[in-house]
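Here the structure comes first, spelled out in structure tokens, and everything after it is commentary.
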Amino acid sequence: MSTKHDGHLHHISQQFNSELSQLKAEFLKMGGMVESQVQHAMQALENNDYELAEQTRLKDKEVDRMERAIDEEANRVIVKRQPTASDLRLVMSVVKMVADLERIGDEAKKIAKFAISISESETGALGSRYDSVVEAKHISNHVVAMVRDALDAFARFDTAQALRIMKEDKLVDQEYKSAIRSLVTFMMEDPRSISTCLSIMWVLRSLERVGDHACNIAEYVIYMVEGEDVRHRPIDHAEKVVRP
Amino acid sequence: MTAMNQPKTTNEFAQKDARQTPREALDHWYLEPDAALRARVSNLKFWYGNGTQAIDDVSFPLVEKKVTALIGPSGCGKSTLLRCFNRMHDLYHGVKYSGSIELFPENENLIDLDPNVVRMRVGMVFQKPNPFPKSIYENVVAGLRIRGISKRSQLDEIAETSLTQAAIWDEVKDRLHQPALSLSGGQQQRLCIARALAVQPEILLLDEPTSALDPIATAKVEDLINDLDGKVTVLIVTHNMQQAARISHYAAYMYLGKLVEYNETSEMFTRPMCQRTEDYITGRFG
């Protein structure tokens, strides 16, 4: 039995309605924060912007604080309301998805740290010296869009969109692999580039992880709406759940 | 629990139905593969003496040695349904039944049996503890004495097992001959459960057994019901949905005299099949 997106606002208890709305709103706010965190980290890396990188790094504290606050709020809802069925799935999904958002924030922080160390190194900015930076930018655009779409899918209880994100993740994995291959080629051609290339590899790795977390969020959206756990199963299963 | 994500088809149940239960009885329900039926309610309708129809075409299985909960808003017919199981309505004039409550493996229709025989076979515990104004011991063995058992050693043995099963033995073993009314409310209720268990009922009916108890006594009674899972077939009416979620294995949601959903409790409280069930258990009802 799937859930309509406004279903959480029809309890007899108005207070319960507002608690759930609050939980959703806080989650989306945190999602917006980590989304821009990833964008800023990449911008800082690309433009050799020390200030922006530092700001992005510090932003992680705020994200961590929000994770704690949302978890606490979810605990309060569970204690006070003993949610069941779709309400329970909403609360549990938020608790799980918050962890994914926090991890996305961590990955953004890692990228920001690379941006800081690169800007402080003698070689200076990466700029677009390597095609792989362009490639990293491309992947970052892709995964940031995935995070945004995942949050959107959550806000609108849109399982079709969630399914699309799960499929997108496979593309990101392919892009990641091909970017790594081209970096290996660079390193073979010019051994002086090895340390920079390794940094970019770590950035790529972080971006790929961001895509995985967006995919996890999409899986929880499907669980929340349909009540069916699609994790760790072939994509066909999710397809059957979403389009029975 | 059965694998949650496996589609449960009729055929799957039919294949795994290795017990003597009539095959068609299992066909419509989401039961665990090894579930055997103790009773089956089929198209049951019930009218009170004044012509009010309280139960309208209810069908559901009662799985052997499992706890089944009846939930639903006030006035939906849960208690009326429960009372059909021991024919308590027959105490009033002009009541009418249609449909059947079949008992297995005897294949007898409970509605056609003599109410006194039914009440010997089906035990009941009420909302408010109602011990007899006798000693604790005499309360437990009362049913046995009526059945003609008078051998002291046998009575002692059954009294001890029943009180132990009802998780009250340790509290009363040194005061078995004191008045039952000297016990606390929670202890009295557990004593009533022991009294019902002493005669080894085929089905134990519990009508909101904890609504008059404090949280600690409630927790003890709930623990006791949990212990009965796997030993006795229990049908319980409860207003407290969290309680139903905690102690029952199967749950039936009723509304306006009709059965809306029958399901495994864990399923019903995480992903109910019907919108009306969802609305009720999540508090959107009304």
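Computed from the coordinates by the stated procedures, all read-outs in this text should not be read as laboratory data. Remember, it's a predicted structure, so these values are computed and weren't measured experimentally. Glycine also receives a Cβ, built like all others from the backbone with ideal geometry; neighbour counts cover every protein chain displayed.
Figures for the structure shown
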quantity	calculated
Charge dipole (debye, nearest 20) of chain B; +1 at Cβ of Lys and Arg, -1 at Cβ of Asp and Glu	580
Mean Kyte hydropathy of -1.0 or more with a Cα span along the axis of at least 18 Å, helices from DSSP in chain B	B:152-165, B:185-198, B:215-228
Packing rank of B:262-270, A:206-214, where each peptide gets the mean count of other beta carbons within 10 Å, highest leading	A:206-214, B:262-270
Residue-averaged 222 nm ellipticity for chain A, from DSSP H runs of 4+ at -39500 (n - 2.57), nearest 500	-29500 deg cm²/dmol
Inter-chain shielding of B:241-250 (mean C-beta neighbours from other protein chains, 10 Å cut-off)	1
Degrees separating the helix A:85-120 axis from the principal Cα axis of chain A, which is the longest one	10
Computed log₁₀ I(q)/I(0) - Debye formula, equal Cα scatterers, no solvent, region B:189-248, q 0.13, 0.14, 0.17, 0.19 Å⁻¹	-0.29, -0.34, -0.51, -0.64
Chain A: equivalent-ellipsoid semi-axes (sqrt of 5 x gyration tensor eigenvalues, Cα, Å)	37, 21, 11
Pair B:Lys258, B:Tyr48: separation of 7 Å Cα→Cβ label points (nm)	2.1
Among B:145-151, B:50-56, the order from most to least packed when residues are scored by Cβ within 10 Å on average	B:50-56, B:145-151
Two-site label geometry, A:Lys240 and B:Ser150: point separation in nm, points 7 Å out along Cα→Cβ	6.6
Number of partner chain Cβ atoms within 10 Å, mean per residue of A:225-233	2
Given A:Lys59/A:Lys110; B:Lys45/B:Lys231; B:Lys78/B:Lys128; A:Lys24/A:Lys240; B:Lys66/B:Lys173, the pairs whose alpha carbons are separated by over 22 Å	B:Lys45/B:Lys231; A:Lys24/A:Lys240; B:Lys66/B:Lys173
In Å, descending, principal axis extents of the Cα set of chain B	54, 42, 39
Calculated from backbone phi, Karplus (6.51, -1.76, 1.60) coupling profile of region B:71-77 in Hz, x at Gly/Pro	10, x, x, 4, x, 8, x
Among A:Ile111, A:Ile222, A:Ile180: highest mean-square fluctuation, GNM of chain A, C-alpha pairs under 10 Å	A:Ile180
Residue-count net charge about A:Met66 - beta-carbon cut-off 11 Å; Lys, Arg +1, Asp, Glu -1	-4
Calculated FRET value between A:Arg231 and A:Arg156, using beta carbons and R₀ = 30 Å, to 0.05	0.90
Within 10 Å of each Cβ in B:264-270, the average number of Cβ atoms from other chains	2
Base-10 log of normalised Debye intensity for the protein assembly as shown (one unit scatterer per alpha-carbon) at q = 0.05, 0.07, 0.08, 0.13 Å⁻¹	-0.32, -0.56, -0.67, -1.19
